[in-house]
1. Restricting attention to region 122-138, and to residues there that are of a type outside the set (A, V, I, L, M, F, W, C) and open to solvent by 70 Å² or more (accessible area, probe 1.4 Å), which single residue is modelled with the highest pLDDT?
2. Applying the selection to region 105-161, what residues are under 12 Å from the mean Cα position of the chain (by Cα), under 20 Å from Ile94 (Cβ atoms) and assigned to a strand (DSSP E or B)?
3. From the set of residues in region 36-47 that are under 15 Å from Gly104 (Cβ atoms) and open to solvent by 20 Å² or more (accessible area, probe 1.4 Å), which is modelled with the highest pLDDT?
4. What's the total number of residues in region 98-121 that are touching a helix residue (DSSP H, G or I) at 6+ places or on another chain (Cβ under 8 Å) and open to solvent by 10 Å² or more (accessible area, probe 1.4 Å)?
5. Could you please give the count of residues in region 73-87 that are part of a helix (DSSP H, G or I) and open to solvent by less than 40 Å² (accessible area, probe 1.4 Å)?
6. Return yes when Gln91 is more than 19 Å from Met160 (Cα to Cα) and outside any loop (DSSP other than H, G, I, E, B) and no when it is not.
7. Which one of Glu87, Glu111, Glu155 is more than 16 Å from Gln19 (Cβ to Cβ) and modelled with pLDDT of 95 or more?
8. Starting from residues that are open to solvent by 40 Å² or more (accessible area, probe 1.4 Å) and in contact with a strand residue (DSSP E or B) (Cβ under 8 Å, 6 or more places away or on another chain), keep the ones in region 51-64 and report whichever is nearest to Leu32 (Cα to Cα).
Amino acid sequence: MKKLLPLILICITRLFGQQLNVGDTLPLGFGLPWCGNSPEENPFVIDSFYLDSYNGNINESGQHYVIWINLFTSWCPYCQTEAPYTEGYLQEYIDDGLAVVGIGWDWGLPEDCKGWAEYYELTYPILDDAIDGTGFEMLGAGGVPHNVVLNHDMEIVYSMAGFPDE
């Protein structure tokens, strides 16, 4: 049943055309297939990553998580520019509770998912939205890159398309 819940949520989201905005809460059970930086050496890890793992939790430093979701495509030059910055901010603020999750699609132009994570030396989970674009439709739909920030209660506190030049 746990694996069916995300599928059910995806169907409901598609049926009602739900796009989440600032102030909305991410539905329970939202997850996508894990395609980059997955702990493949652990046979007990499921093949999808669920954002519920951050819901209300605190990190090793005792801080609540703040979740930065980075939506991107592999061919987007702004997404390519943004990837190293995203990793840099993660490393700078990880002890303060920052968690980053990448959601990508349109792979192979030039990198596939694992290649993207390796090329940009990313350490955060990369999820595959290529099957049906559910993550992008629910969280972005305004262009790439698109960045969304969730607080520890899974409420969207920031949502913006584009990459600033500064």
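The values are calculated or read from the model by the stated rules, or taken from the named source; none is laboratory data. As the structure is a computational prediction, the values presented were derived from the model and not from experiment. Here Cβ is always computed from backbone atoms with ideal geometry, including for glycine, and neighbour counts include all displayed protein chains. Protein only, heavy atoms only, side chains kept; ligands, DNA and RNA dropped before computing areas. Shrake-Rupley method; radii C 1.70, N 1.55, O 1.52, S 1.80 Å.
1. Filtering region 122-138 for residues of a type outside the set (A, V, I, L, M, F, W, C) gives 123-125, 128-129, 132-135, 137.
Restricting the remaining residues to those that are open to solvent by 70 Å² or more (accessible area, probe 1.4 Å) gives 123, 137.
On the way: Thr123: 94, Glu137: 87.
Here the answer is Thr123.
2. Within region 105-161, Ile126, Leu127, Asn147, Val148, Val149, Leu150 meet the criteria.
3. Here is the first cut: in region 36-47, the ones under 15 Å from Gly104 (Cβ atoms) are 36-38.
Those left that are additionally open to solvent by 20 Å² or more (accessible area, probe 1.4 Å): 37-38.
Numbers: Asn37: 82, Ser38: 75.
Among them, the one singled out is Asn37.
4. Quick first cut of region 98-121, residues touching a helix residue (DSSP H, G or I) at 6+ places or on another chain (Cβ under 8 Å) only: 98-105, 107, 111, 116, 120-121.
Subsequent filtering for residues that are open to solvent by 10 Å² or more (accessible area, probe 1.4 Å) retains 98, 105, 107, 111, 120-121.
Summing the residues that are touching a helix residue (DSSP H, G or I) at 6+ places or on another chain (Cβ under 8 Å) and open to solvent by 10 Å² or more (accessible area, probe 1.4 Å) in region 98-121 gives 6.
5. Step one: of region 73-87, the residues part of a helix (DSSP H, G or I) are 77-87.
Restricting the remaining residues to those that are open to solvent by less than 40 Å² (accessible area, probe 1.4 Å) gives 79, 82-83, 86-87.
Residues flagged as part of a helix (DSSP H, G or I) and open to solvent by less than 40 Å² (accessible area, probe 1.4 Å) within region 73-87 amount to 5.
6. Numbers: more than 19 Å from Met160 (Cα to Cα): yes; outside any loop (DSSP other than H, G, I, E, B): yes.
Here the answer is yes, as Gln91 does meet what is asked.
7. Details: Glu111 fails: modelled with pLDDT of 95 or more; Glu155 fails: more than 16 Å from Gln19 (Cβ to Cβ).
From the options Glu87, Glu111, Glu155, the qualifying one is Glu87.
8. Filtering region 51-64 for residues open to solvent by 40 Å² or more (accessible area, probe 1.4 Å) gives 52-53, 55, 57-58, 60-64.
Retained after the next criterion (residues that are in contact with a strand residue (DSSP E or B) (Cβ under 8 Å, 6 or more places away or on another chain)): 52, 57-58, 64.
Values: Asp52: 12, Asn57: 20, Ile58: 22, His64: 23 Å.
Of everything passing the filter in region 51-64, Asp52 is nearest to Leu32 (Cα to Cα).
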